[in-house]
1. Checking residue 127 against (1) within 10 Å of the ligand (Cβ to nearest atom); (2) under 16 Å from residue 194 (Cβ atoms); (3) without any contact (Cβ under 8 Å) to a residue 60 or more places away in the chain, only one condition comes out false. Which one?
2. Quick one: which residue in 65, 99, 103 is out of contact with any helix residue (DSSP H, G or I) (no Cβ under 7 Å at 6 or more places or on another chain), over 20 Å from residue 204 (Cα atoms) and among the β-branched types (Val, Ile, Thr)?
3. With the requirement that a residue be modelled with pLDDT under 95 and of a type in the set (Asp, Glu), what does segment 162-216 give you?
4. All but one of (1) within 14 Å of the ligand (Cβ to nearest atom); (2) touching a helix residue (DSSP H, G or I) at 6+ places or on another chain (Cβ under 9 Å) hold for residue 26; which doesn't?
5. So residue 197 passes all but one of these: (1) buried (at least 16 other Cβ atoms within 10 Å of the Cβ); (2) without any contact (Cβ under 8 Å) to a residue 12 or more places away in the chain. Which condition number does it fail?
6. Mind counting the residues in segment 92-116 that are more than 9 Å from the ligand (Cβ to nearest atom) and assigned to a helix (DSSP H, G or I)?
7. With the structure loaded, tell me whether residue 157 is acidic (Asp, Glu), touching a residue at least 12 places away in the same chain (Cβ under 8 Å) and more than 21 Å from residue 57 (Cβ to Cβ) or whether it fails that test.
8. Search segment 50-83 for residues being in contact (Cβ under 8 Å) with a residue 60 or more places away in the chain and surrounded by 23 or more Cβ atoms within 10 Å (Cβ to Cβ), and hand back the single one that is nearest to the ligand (Cβ to nearest atom).
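The values are calculated or read from the model by the stated rules, or taken from the named source; none is laboratory data. Values in this document were obtained by computation on a predicted structure and should not be read as measured data. Here the Cβ is made from the backbone with ideal geometry for all residues, glycine too, and neighbour counts use every protein chain on show.
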Amino acid sequence: MDQLTEQREYYRHRAGEYDQWWQRQGRYALDEQAREHWFADIDEAAQTLDRFRPEGDVLEFAAGTGWWTERLTRHATRVTAVDAHTETLELNRARTGGTGKVTYVQADIFDWSPPPAAFDTVFFSYWLSHVPADRLDGFWQQVATALRPGGRVFLLDSYRPERIEGDLQERVLNDGRTFQVIKRFWQPAELESLPGWRLTAGVTTHGAVIHAHGAPDR
Ligand SMILES: C[S@@+](CC[C@H](N)C(=O)[O-])C[C@H]1O[C@@H](n2cnc3c(N)ncnc32)[C@H](O)[C@@H]1O
């Protein structure tokens, strides 16, 4: 299995347990202070997104189970939520279907190219870190193509202050199966100097989340 297939498969099998990590349940539980910091950082990142105001037509790459899709629907007229798996999109639909604003698209992001140039915002959370180095240029080109003139991008991801050698991580499912995923931790300065983009990046108070927003330099 190649690396991208293994990563996709991992997330298909993880769909039903993904929210346990996000909500810090079960084996992802944190001690009281770490838990407080985690949720404070998520809330801070969500408020940053609210201030960005992702209005109009929003494209969400790797939408997953819909935590951020729901947040996007508070501002957007429509959200197009793309994910590789019907398993994650069904969970997303259960969370966001009631808004009537979301179109669910099951597709491999790397094959969904060129995207329609139809969006005011392209949003992706916990996705950029999973894009392998040799796909980055193509992915950012896809984002630029998807934006209407004046359109903007907003991203969120996991943050680590130190540069970690190697871009692969081993992940374990609740049943013990292991998979390798690509995980590249970005620094704000790297995002702010990305060729072809004018991005402003930041990190939440307790260091859990990196976020960036901006527009293509064109
Ligand atoms: C870390 S999760 C993030 C989910 C969501 N953005 C969030 O923050 O809750 C990564 C998501 O990417 C999806 N994914 C993985 N590889 C993909 C691919 N090649 N094309 C589309 N989606 C993919 C997975 O199914 C999973 O939902």
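1. Looking at each condition in turn, residue 127 falls short on (3).
2. Residue meeting the stated conditions: 103.
3. Hits for segment 162-216 are 162, 165, 167.
4. Checking residue 26 against (1) within 14 Å of the ligand (Cβ to nearest atom); (2) touching a helix residue (DSSP H, G or I) at 6+ places or on another chain (Cβ under 9 Å), the one that fails is (1).
5. The number of the failed condition is (2).
6. Total meeting the criteria: 7.
7. Answer is yes for this residue.
8. Applying the filter and picking the extreme gives 64.
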